[in-house]
Amino acid sequence: MKKTIALLVLLILPSAVMAEDSGMGRSNWSMEIKGGTFTPALENWSQYYDRKSIPQLEASLAYLFAPQFEAGLGSGWMRGKGHLYAPQHGIFTGNVVYDLYPVNAFVLVRGVTSDEQWLIPYIGGGWTRMYYKEKVEDQADVSGHVDGYHIRGGLQLSLDIFDPRAANTMLLDYGVEHTFIFFEAEYTRVVVSSISDDIGGKSYLWGLRMEF
């Protein structure tokens, strides 16, 4: 993982130099709000829960060392609802609610070369701590946390170019220099060692990004 990120940073350095030479505006921070679906990696998930995928919400804040490179922190929430049945008789025994709360520390590398670029690819990843809580009807809750990692990548679409007037208003009124919508795919792996189960999974997310 560390070698991959280091390689990506080395590959992006030439574009960073190009951006500085062209006088590209510099934002210091980025904030992202996103939502979508999360598909758990648990093998027996479909036996107890109603849907293959569950809703996911996330938010993050990052510091931009350069337009092409940032590091930050994010957190999120996912929830699944299902039913439990007696193993031998298949009799309904109660409802279950399963919550996940990922906390991510990440680096992100973006393929930025100019302010006029309307489509920006990116890739990133880092450390994940996944908090989990399973609430079973008429039983004691099960909760804890486990550490792992995540990787993600996607495309950012600049809204500044499509509506310059709105972009100028956002800058003057709120200090937002750049605004994007984006789509990304994310893979998270966090294994509970006591039961050897991966409580991570795959995510597909849409979001809004603001740089200021």
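Annotation for Ser75 and Phe212: the two label points, set 7 Å from Cα along the Cα-Cβ direction, are 1.9 nm apart.
Quick check: from the Cα gyration tensor, does the stretch 96-212 come out rounded (a/c under 1.5), prolate or oblate?
Values: a/c = 3.42, a/b = 2.26, b/c = 1.51.
Judged from the Cα gyration tensor, the stretch 96-212 comes out prolate (a/c at least 1.5, a/b above b/c).
Straight-distance candidates among the aspartates and glutamates for linking to Lys202, with alpha-carbon spacing under 12 Å and chain neighbours fewer than 8 residues away dropped: Glu184, Glu186. Loop-resident GluC sites (Glu not before Pro) (DSSP state other than H, G, I, E or B) in the stretch 124-212 with no more than 15 further Cβ atoms inside 10 Å of their Cβ: Glu137. Candidate cross-link partners of Lys135 among the aspartates and glutamates, defined by an alpha-carbon separation under 17 Å and a same-chain spacing of 8 or more, comprise Asp50, Asp99.
Just so you know, all these numbers are worked out from the coordinates, no wet-lab data involved. Computed from a prediction, not measured in an experiment: that's the story for all the values here. All Cβ positions, even for glycine, are placed from backbone atoms using ideal geometry, and neighbour counts span all protein chains on display.
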